[in-house]
Amino acid sequence: MDFKTIDYEAIEKIIVNIKKIVEVGVNTVSVDLIDSLDEGIRKINEIIFFNEKVVGFFLDKLDCHTYLDDVSKWTELIENIISEQKKLSGTDYKFRRLMDFIKYVPHEDKRKYMIDAFMNCAESRRINIAGMANQFHNLYGYLDIENNNYELIEMRIDGLEKHYDDYLFLYEKLADERSKGTLFEILMCWIDFNVDHIVKMKDHLYDDYFDKDIIRCDENEVVVECGGYVGDTVLSYVDNYKYYRKIYVYEVVPRLCEIIKENCIHLNNLEIKNLAVGDENGVMYIDNPDSEGSITQIKKEGKAAINVVKVDDDINEKISFLIMDIEGAEQGALRGCRKHIKEDKPKMAICVYHNYDDLAEIPRMMLEMNPEYRLYLRANGRTWLPSEFVIFAV
């Protein structure tokens, strides 16, 4: 998708011409007049909205009674859009144009654009992207060319359209230019499958969750990690910050809890909890209690029962740093931390890459629980299927 600078002067000349034609047409409407208006509208659409069919979206939405009324109203809309875009520059400008694409380009045209973008990728890139998507289809949807299954694309479009207002909100709330640029590049990669968007923004300086420009820790930290895996995040925390008062680790898989204990045997004041975290206390299930894999989702039915707790009920002391990577269960877990978030205002590093909702919804949730947070966004993971992006709240 080309975000070249809009030629405002060209648009303004076309608009002046359209207004003159409309004035003439009030008294005399002819085929030539309609053709002239259509041509002017088409040119403006090409400059602004990437797709000449977008005019149909505008005209369908306008509550006017004649074609000339439609054109006059449409011209007002374009002038308002141009007025707003002239105020923008750099990342703000590109993000605004991306949001226009999401809002104004019809669903089917977005679908065609995204399928074409995927098919235009190099074959090796298509194979890698489709392979990753199909491996994690329960999170991201299938991408099966042979069977014409573009579920991933449909899910992305649905998510972008549903969360249009949320992404505008998030962009305004992000506290630095790098975060704003990261959001833009993630959404662009969802649309055009160009992994260079993520390569450009990937963090190579700091370890996951521990951006020292954002997260600062001392010997008084009470750290809560949800999704302990093999203890790698705990070890990384100690490597980065050295000191802490207490670390709690929640991990749903019994075998992984054993591995955490083995890997972190040299650490003091570490409490490993074989529990799931959520927004209510109860029982859920997992299918793979002996797994050593990194992906385990809790379900309402399964082979092995696992107790679920609210962190608010399970930890009584004040917490200072909350980390979550729990395969799409982050929203429920955050609701179960509401009291701590409101009263303690812990630093947070929360994964928002397991679906097409969390990146839009979790930042709002954080700010609703405690409006005093400043938000940052970083990308650390795979590029074929964008992953490991984290919302920091401090």
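Tabulated results
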quantity: Degrees separating the helix 67-85 axis from the principal Cα axis of the chain, which is the longest one; calculated: 50 degrees
quantity: Fraction of antiparallel bridges per DSSP, the chain only, in percent to nearest 5; calculated: 45 percent
quantity: Per-residue Cβ neighbour rank within 10 angstrom, fewest leading, 238, 222, 277; calculated: 238, 222, 277
quantity: Rough spin-label spacing in nm, given labels placed 7 Å along Cα→Cβ, for residue 307 and residue 261; calculated: 1.5 nm
quantity: Net length gained if the chain between residue 147 and residue 123 were fully extended (0.36 nm per residue, minus Cα distance); calculated: 6.9 nm
quantity: Rounded to 10°, Cα long-axis angle of helix 31-49 versus longest principal axis of the chain; calculated: 20 degrees
quantity: Over the chain - Rg/Rh using Cα atoms and the Kirkwood inverse-distance radius; calculated: 1.07
quantity: Folded to 0 to 90 degrees: helix 164-173 orientation relative to the chain principal axis, Cα; calculated: 70 degrees
quantity: Candidates per trypsin sites (Lys or Arg not before Pro) in segment 215-306, loop by DSSP, up to 13 other Cβ within 10 Å; calculated: 216, 242, 245, 300, 303
quantity: Exposure proxy order (Cβ contacts within 10 Å, fewest to most) of 173, 13; calculated: 13, 173
quantity: Rounded to whole Hz, the Karplus (6.51, -1.76, 1.60) HN-Hα couplings of segment 214-224, x for glycine and proline; calculated: 10, 9, 10, 10, 9, 6, 9, 5, 10, 9, 10
quantity: Check: the chain dipole with +1 on Lys, Arg Cβ and -1 on Asp, Glu Cβ, in debye; calculated: 620 debye
quantity: Cleavage-rule hits (GluC sites (Glu not before Pro)) in segment 105-187: DSSP loop, at most 13 neighbouring Cβ within 10 angstrom; calculated: 146
quantity: Fewest-first ranking of 182, 296, 91, using other Cβ atoms within 10 Å as the exposure measure; calculated: 91, 296, 182
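Laboratory data are not the source of any read-out in this text; all were calculated from the coordinates shown. Source: prediction; values computed, not measured. Note that we place each Cβ from the backbone using ideal geometry, even for glycine, and neighbour counts take in every protein chain shown.
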